[in-house]
Structures are given as structure tokens and as C-alpha cells.
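The values are calculated or read from the model by the stated rules, or taken from the named source; none is laboratory data. The structure presented is a predicted model; accordingly, all values stated were derived computationally and were not measured. As a convention, Cβ positions derive from the backbone with ideal geometry for all residues, glycine included, and neighbour counts pool all protein chains shown.
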Amino acid sequence: MPVWQPLHDELKDRGFTVIAVALDADEAAVREWATQERLTFPVLVDRNHLLAELYGFTNVPASVWIDEDGRIVRPADTAMGDDRFRAFSKVDSSIHHDLLRRWVNEGVRDLDDDAVRSNQVLPDDDTQRARLHRRIGILLGDRGDQVGRDHHLREAERLAPMDWTIVRGNMPLFGEDPFGNRFFEFVGEWMEAGQPGYPLRTGRDD
């Protein structure tokens, strides 16, 4: 998230604001981290993935553009703040940033309304059920029912095995390193499945 601060500073006088959303269960850790980084844009914590569901996030980092009237003018798509992970992500961050600057500074969108709709990823029944199971799991965990929590979190992964926000989001809850062996196993499975996710693929090198 800190990598978005320079872009926020650059465009804020044009009426643009970055709103960061952390899909984390540990609200206190996010608050501490955001305070240490001295971010000047809002940082929200979406423990139950409500915004992820509303805007169709299945992988992070990602962005959605919303205009001053509350309309989506660019649907969910991978968006890197810089190129430090380009070798892994294969995404050139400058492409997305330049499109964003053009929209904010000149009012020029790269997608019309029809293209926005056609590039939105709508959830199927299994994905909807997976999100419900994860939400129930988080609630049970808050109430101290670890067995029930783990059951529903695993069921969410079974129903949506390629959803990064669910599979990778669950890793810390199971005491797993979100950048550890299980993560790279998941990445391999995702690549073998054809890298399902956002159709726009803005800035992809491959």
C-alpha cells in the first residue's frame, strides 16, 4: 500500500483519492502498520471480504476505478504499485498508472460502459457459497470455535480453489506463511489452471 502514496500525492489536487482495502482478519495489525507508514489516504479493513465480493476482487493487489458519481469506470484488475515484483507478477505497473493519470487529468477512459460490463467477473454459485463459508468461519473464530472456523474456511477453499483472496487470505489464519511453501504450491496450481482471474490483464508481459 505505501507504494500508492506517491500517486495519491501526485493526483489528489485533481480530486483523486486512493482508498486502500486490506483483506485481513487482523485489524489491529493493519492499523499499526498503516500508522507506521504514515499513509495519508484512507485504509479500510475488510475482514469479511464484503468489498471484495461487491467489486469482484479475486486476487490482490488489484484496483477498481470509481468516479465521483459512484460508478465503476474500470472493473477489478491486477494493479501493482511499482515494479519490485515484476519478475513474479509479469505486470508492468506503469501501464496502469499512465491510464489512471489520463483518466484523472484528462477525463479520458480506456473503457466505455459496455467494455466495463463485459470485463467484470461475476461470481458463480460455488464462489458465492465459498464467500459465505469464509464469512461464517471468521465469525465462528471470533466466538472461539476453532473447529467450526477451520471447517468453514477449508470448505471455502474447496469451493473456490483459485480465489487468491480466499486461499491466500486463509493462510495466516492457519498459521501458514502467506509467502511460504503453501503459497508457491498454490501459485503453481493457479498457473496450471490457466491463471484464471481478471480478463483485462493490464500491463501483463506474457
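Quick grid of which residues meet (1) among the aromatic types (Phe, Trp, Tyr); (2) modelled with pLDDT of 95 or more:
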site: PHE57; (1), (2): yes, no
site: GLY81; (1), (2): no, no
site: ASP92; (1), (2): no, no
site: PRO123; (1), (2): no, no
site: ARG154; (1), (2): no, yes
What residue, of ALA156, ALA130, is assigned to a helix (DSSP H, G or I) and either without any contact (Cβ under 8 Å) to a residue 12 or more places away in the chain or over 15 Å from PHE174 (Cβ atoms) (or both)? ALA130
Given the condition of a type in the set (Phe, Trp, Tyr) and in contact with a Gly (Cβ under 9 Å, 6 or more places away or on another chain), answer yes or no: does some residue in region 151-164 qualify? yes
Meets criteria (in contact (Cβ under 8 Å) with a residue 24 or more places away in the chain and loosely packed, with under 13 Cβ neighbours inside 10 Å) for ASP9: yes
Identify the single condition in (1) of a type in the set (Lys, Arg); (2) assigned to a helix (DSSP H, G or I); (3) within 28 Å of ASP13 (Cβ to Cβ) that ARG109 does not satisfy, given that it satisfies every other one. (2)
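Listed residues LEU44, LEU99; which is closer than 20 Å to ASN170 by Cα and outside the structural domain of MET171 (by TED's automatic domain parsing)? Walk me through how you get there before you give the answer.
On the way: LEU99 fails: closer than 20 Å to ASN170 by Cα.
Matching residue, one of LEU44, LEU99: LEU44.
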Looking only at residues in region 158-169 that are modelled with pLDDT of 95 or more and out of contact with any Ser or Thr (no Cβ under 9 Å at 6 or more places or on another chain), which one is surrounded by the fewest Cβ atoms within 10 Å (Cβ to Cβ)? ARG158
Could you grab me the full set of residues in region 38-50 that are outside any strand (DSSP E or B), surrounded by 16 or more Cβ atoms within 10 Å (Cβ to Cβ) and among the aliphatic types (A, V, I, L, M)? LEU39
